[in-house]
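Working notes for the structure below.
The values are calculated or read from the model by the stated rules, or taken from the named source; none is laboratory data. As the structure is a prediction and not an experimental result, all values here were calculated from the model. Because the Cβ atoms are built from the backbone with ideal geometry, glycine has one as well, and the counts that use them run over all protein chains shown. These accessible areas exclude ligands, DNA and RNA; they are computed on the full protein's heavy atoms, side chains included. Shrake-Rupley method; radii C 1.70, N 1.55, O 1.52, S 1.80 Å.
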Amino acid sequence: MTQSQSIGVWRGVSLEVAAWDAAHAEVDLSAVCMFTHEIAEAGLKGGLLHLDQALSGGLAELCRSGEFKADFMETLLISKPPSTIRAAALLVIGLGNPSSWTAATTAHAVKAVARAAVYRGDRSVAFAPSLLDSRLTSSQTGDVALDMMRAVIEIIEVQTRVVERGLAHTPRLQHWIFDVGLSRADAVTEHFREGFQSITSALRAGSTITTPNTDDPSSAPGENNG
């Protein structure tokens, strides 16, 4: 099993980073983001390509047929993945047009996946943003780690409030893991740790946490379940 690096623990949820991709994540739910098309129009790359290969070309075929378009917040749940996928279930979440991407787009995806994990009763989740796989550059993505960290902590906070009101059982979620490339793992982990410290320090001081919402008027949300 790939060794993960700890970011921190918040309200019983261990936040971590692991140098694996969606196909190799050993978790209850492995989530991966995908745009409607690649910026360079050269096909899938990196973790997305590995995932498609693990699915025997199934992901690319679903996209070609239009059964999954990866429109903004469109989801594809693969609840019975083949043995080549190590997770118990796989969730592909659309980010829409890459030219419209902002950090808030990925933060929105993080919140959607975190909610899904709570509703499903998952104990462990891996999240692959797939930004560099989709040919966005590091200069374009900026400090998206902070936005992703803020998003997952926001959902943890919201669900805590729901439980405190007696309206839900305590979530089973114990591990949230951000997927990263091996060559960038140490640097990205430090960015996540800095974000975690900043956000949790503010919460302990009594601040509230909110992440900006984003919308993509060119695509309509939808869901496919497999």
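A compact table of results
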{"item": "From PHE178, PHE196, residue being within 18 Å of GLN5 (Cβ to Cβ), open to solvent by less than 30 Å² (accessible area, probe 1.4 Å) and in contact with a Gly (Cβ under 9 Å, 6 or more places away or on another chain)", "result": "PHE196"}
{"item": "Checklist (1) of a type in the set (Lys, Arg); (2) touching an Asp or Glu at 6+ places or on another chain (Cβ under 7 Å); (3) under 26 Å from GLU194 (Cα atoms) applied to ARG11, failing item", "result": "(2)"}
{"item": "Extreme residue, nearest to LEU51 (Cα to Cα), among residues of segment 62-114 that are in a helix (DSSP H, G or I), open to solvent by 30 Å² or more (accessible area, probe 1.4 Å) and of a type in the set (Ser, Thr, Tyr)", "result": "SER65"}
{"item": "Those residues of segment 22-46 which are at pLDDT below 90 and of a type outside the set (A, V, I, L, M, F, W, C), in sequence order", "result": "HIS37, GLU38, GLU41, GLY43, LYS45, GLY46"}
{"item": "Near pairs, Cβ below 6 angstrom, 6+ apart or cross-chain, from segment 154-172 (assigned to a loop (DSSP other than H, G, I, E, B)) to any residue that is surrounded by 10 or more Cβ atoms within 10 Å (Cβ to Cβ) and of a type in the set (Val, Ile, Thr)", "result": "ALA168/VAL162; THR170/VAL163; PRO171/VAL118"}
{"item": "Residue ID - modelled with the lowest pLDDT, chosen from residues in segment 80-115 that are among the small types (Gly, Ala, Ser) and over 18 Å from ASP179 (Cβ atoms)", "result": "SER99"}
{"item": "Single residue of segment 1-21 satisfying the filter (at pLDDT below 90 and of a type in the set (S, T, N, Q)) that is surrounded by the fewest Cβ atoms within 10 Å (Cβ to Cβ)", "result": "GLN3"}
{"item": "Filtered residues of segment 132-159 (kept if of a type outside the set (A, V, I, L, M) and at pLDDT below 70)", "result": "ASP133, SER134, ARG135, THR137, SER138, SER139, GLN140, THR141, GLY142"}
{"item": "Test: ALA31 is part of a loop (DSSP other than H, G, I, E, B), touching a strand residue (DSSP E or B) at 6+ places or on another chain (Cβ under 7 Å) and open to solvent by less than 40 Å² (accessible area, probe 1.4 Å)", "result": "no"}
{"item": "Pick from segment 175-205, criterion charged (D, E, K, R) and assigned to a helix (DSSP H, G or I), ranking: farthest from ASP143 (Cα to Cα)", "result": "ARG204"}
